[in-house]
Structures are given as structure tokens and as C-alpha cells.
Amino acid sequence: MKHHALEQLQKVAEVQQDYPRRTMSRRERLERWADVLERNPDQRLLTLYETEYQPAKARAAMRCDGSPLSVAFDDPVLRAAGLEGDSYGEAKSFFDLSDHQMHKIICYCHFGSSVSAGTAANAVRGVANGGLRGLADRLLGMFR
């Protein structure tokens, strides 16, 4: 899929932006992402290199074609729900994930240069089911 800026599309087509966005809970968004990844579980997807060492601004802009993030962005249901890109920062915001959770799902250091879509789906489901929380989250949970 080739991505274009809205301004480019408006030159060749009438673009309507008044469609209603489907409201999905955080869990529904994560489950949908996992479902989309599981459609082709053996597909090799690219990871993002050393996300934990990047400055926040650079990390937010990180992306690559053929990653678990681009698979999510290619899904029309997630886009209709508000996913506006396949960058680390957009996915983090849309799926309401911490840097620690994103790191566990997408980072090179956990999987090497690529990860199977099925493995990525399992990581996403782990987050959806309350796993992959950071130490601070777990400690706070003990006092709630």
C-alpha cells in the first residue's frame, strides 16, 4: 500500500473526511491488531532498532514498511477507528501503550531484525490481557 499526504490525494480525488469514526475500547483495538497479525502468522515482519535508546522525538517518528505497526495501519477497521499512521508514536498513542509495552512488542532486541506475525500477535495479546506491564505499573497495582 502506498501512503499519500491528504493534500496529494485532494489533487486527484474528492476526499470526504466527515465519516464517523468507530469507537473501540483499548482492548478492542489491541485485539483487532492481534487478529490482523494472525491472518498470516508466518509472515516475517521487520522490527524497530533499539527503540529504548532513541530520544523521545526520534522514537515517536520511527517506522518501517513491513512492520507490525504497518500491518495495523493497513487495516481499514483500525484506520476508521482513528489510527492515522504507522509510526511508533502514533501506535503508542492510538493503542494507549507505554514505551515499555511498545518495546516488548516491536523492538529489535527481543526478536532480531524480524518477527513472525504470530509472535507479534502473541505480544499484543499479552498487553491486551494485562501482561507486559512495566515494573512501576506492577508495583502500583499492588497498592490498588
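The values are calculated or read from the model by the stated rules, or taken from the named source; none is laboratory data. Keep in mind that what you see is a predicted model, and the values were worked out from it rather than measured. In this analysis, Cβ positions are derived from the backbone assuming ideal geometry, glycine residues included, and neighbour counts consider all displayed protein chains.
Have a look at Gly82, Gly66 and point out the one that is without any contact (Cβ under 8 Å) to a residue 40 or more places away in the chain, at positive phi and in a loop (DSSP other than H, G, I, E, B).
Values: Gly82 fails: without any contact (Cβ under 8 Å) to a residue 40 or more places away in the chain.
Of Gly82, Gly66, the one residue that is without any contact (Cβ under 8 Å) to a residue 40 or more places away in the chain, at positive phi and in a loop (DSSP other than H, G, I, E, B) is Gly66.
How many of the residues in the range 25-40 are within 12 Å of Leu97 (Cβ to Cβ) and at pLDDT 95 or above?
Adding up the residues that qualify gives 3.
Being within 10 Å of the chain's Cα centre (by Cα) and free of Cβ contacts under 8 Å to residues at least 12 places away in the same chain narrows it down to one of Ser93, Ser87, so name that one. Can you show your working first?
Values: Ser87 fails: free of Cβ contacts under 8 Å to residues at least 12 places away in the same chain.
Being within 10 Å of the chain's Cα centre (by Cα) and free of Cβ contacts under 8 Å to residues at least 12 places away in the same chain holds for just one of Ser93, Ser87, which is Ser93.
Taking only the range 100-110 into account, find how many residues are touching a helix residue (DSSP H, G or I) at 6+ places or on another chain (Cβ under 7 Å) and part of a helix (DSSP H, G or I). Before you say what the answer is, go through the steps one by one.
Taking the range 100-110 and keeping what is touching a helix residue (DSSP H, G or I) at 6+ places or on another chain (Cβ under 7 Å), we get 101-107, 110.
Applying the additional criterion that residues be part of a helix (DSSP H, G or I) yields 101-106, 110.
Adding up the residues that qualify gives 7.
Every residue in the range 37-63 that is surrounded by 15 or more Cβ atoms within 10 Å (Cβ to Cβ), without any contact (Cβ under 8 Å) to a residue 60 or more places away in the chain and of a type in the set (A, V, I, L, M, F, W, C), please.
Pass one, the range 37-63, residues surrounded by 15 or more Cβ atoms within 10 Å (Cβ to Cβ): 37-38, 43, 45-48, 51, 54, 59-60, 62-63.
Adding the requirement that they be without any contact (Cβ under 8 Å) to a residue 60 or more places away in the chain leaves 51, 54, 59-60, 62-63.
Scanning the range 37-63 gives Ala60, Met62.
Suppose we keep only residues that are farther than 14 Å from Thr47 by Cβ and aliphatic (A, V, I, L, M) within the range 85-123. Which one would you say is surrounded by the most Cβ atoms within 10 Å (Cβ to Cβ)? Give the steps one after another, and end with the answer.
Of all residues in the range 85-123, those farther than 14 Å from Thr47 by Cβ come to 85, 87, 89-90, 92-101, 118, 121-122.
With aliphatic (A, V, I, L, M) added as a condition, the list becomes 97, 121.
On the way: Leu97: 21, Ala121: 23.
If we take residues in the range 85-123 being farther than 14 Å from Thr47 by Cβ and aliphatic (A, V, I, L, M), then Ala121 is surrounded by the most Cβ atoms within 10 Å (Cβ to Cβ).
Here is a list of conditions, (1) in contact with a helix residue (DSSP H, G or I) (Cβ under 8 Å, 6 or more places away or on another chain); (2) surrounded by fewer than 14 Cβ atoms within 10 Å (Cβ to Cβ); (3) modelled with pLDDT under 90, and Gly131 meets all of them except one; can you say which number that is?
Just one mismatch for Gly131, condition (1).
Name every residue in the range 38-57 that is assigned to a helix (DSSP H, G or I) and more than 15 Å from the chain's Cα centre (by Cα), in order of residue number.
Restricting attention to the range 38-57, the residues satisfying the condition of being assigned to a helix (DSSP H, G or I) are 38, 51-53, 56-57.
Result: Glu52, Tyr53, Ala56, Lys57.
Of the numbered conditions (1) closer than 23 Å to Pro41 by Cα; (2) part of a helix (DSSP H, G or I), Ala60 fails exactly one; give the number of that condition.
Going through the list (1) closer than 23 Å to Pro41 by Cα; (2) part of a helix (DSSP H, G or I), Ala60 breaks only (1).
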